[in-house]
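The values are calculated or read from the model by the stated rules, or taken from the named source; none is laboratory data. Owing to the predicted nature of the structure, the values given are computational and were not obtained by experimental measurement. Cβ sites come from the backbone with ideal geometry, for glycine too, and all protein chains shown count toward neighbours.
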Amino acid sequence: MADRTESGLLHLVGRARDGKLLLAEGDALDEGVRRLVAERDQARRSAGGQTGAIRALHRRLNAAEEAIAEAEKRAQAGEGIRSLVADLHHPMRFGGLIVCELCSTWDGSRFHGLITAHPCRTVNVLNQSQAAA
């Protein structure tokens with residue numbers, strides 16, 4: 001139908017150039033041009049709405065990517081802290097026992113507190129939280 005409208009309008013424009021345009025044909029040409037302009041404007045508004053929706057989706061996507069990056073950063077930091085704490089609570093052989101060097105307050109020559117078996121409570125909590133993750 002758009003092709004018929006276009007060809008009809010071009011025919012009327014040709015007649016207008018030749019000076020043979022009747023009043024009714026001038027009205028038809030005016031109406032056709034106005035209809036095409038309205039269709040164009042509607043298409044532009046629709047495209048503008050789609051552009052706005054696409055921009056909003058891009059903003060949401062960027063926010064989601066930033067949140068994922070932050071979560072990954074925090075997870076890596078958490079793993080670093082977990083690793084550090086686990087290293088501090090490392091096992092040590094004392095006679096026939098395996099003890100936590102930190103919890104047993106070993107200073108390199110003697111214990112300054114209760115001897116705590118390894119894995120200690122801290123290591124057990126780390127292991128449980130890692131298993132839950």
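Just give me the residues in the range 17-37 being in contact (Cβ under 8 Å) with a residue 24 or more places away in the chain and farther than 16 Å from Ser7 by Cβ, in sequence order.
none
If you take the residues of the range 85-102 that are not hydrophobic (A, V, I, L, M, F, W, C) and not in a strand (DSSP E or B), which of them is surrounded by the most Cβ atoms within 10 Å (Cβ to Cβ)?
His89
Between a first residue in the range 99-119 that is modelled with pLDDT of 85 or more and a second residue that is basic (Lys, Arg), which pairs have beta carbons less than 7 Å apart while being 6 or more apart in sequence or on different chains?
From residues that are modelled with pLDDT of 85 or more, there are no pairs.
Just to be sure I understand, how many residues within the range 9-48 are surrounded by 10 or more Cβ atoms within 10 Å (Cβ to Cβ) and not in a helix (DSSP H, G or I)?
2
Please find, among Thr5, Thr105, Thr51, the residue that is surrounded by 10 or more Cβ atoms within 10 Å (Cβ to Cβ) and assigned by TED's automatic domain parsing to the domain that holds Arg121.
Thr105
Leu29 passes all but one of (1) in contact with a helix residue (DSSP H, G or I) (Cβ under 7 Å, 6 or more places away or on another chain); (2) in the same structural domain as Ser109 (by TED's automatic domain parsing); (3) not acidic (Asp, Glu); which number fails?
Only one criterion in (1) in contact with a helix residue (DSSP H, G or I) (Cβ under 7 Å, 6 or more places away or on another chain); (2) in the same structural domain as Ser109 (by TED's automatic domain parsing); (3) not acidic (Asp, Glu) is unmet by Leu29, namely (2).
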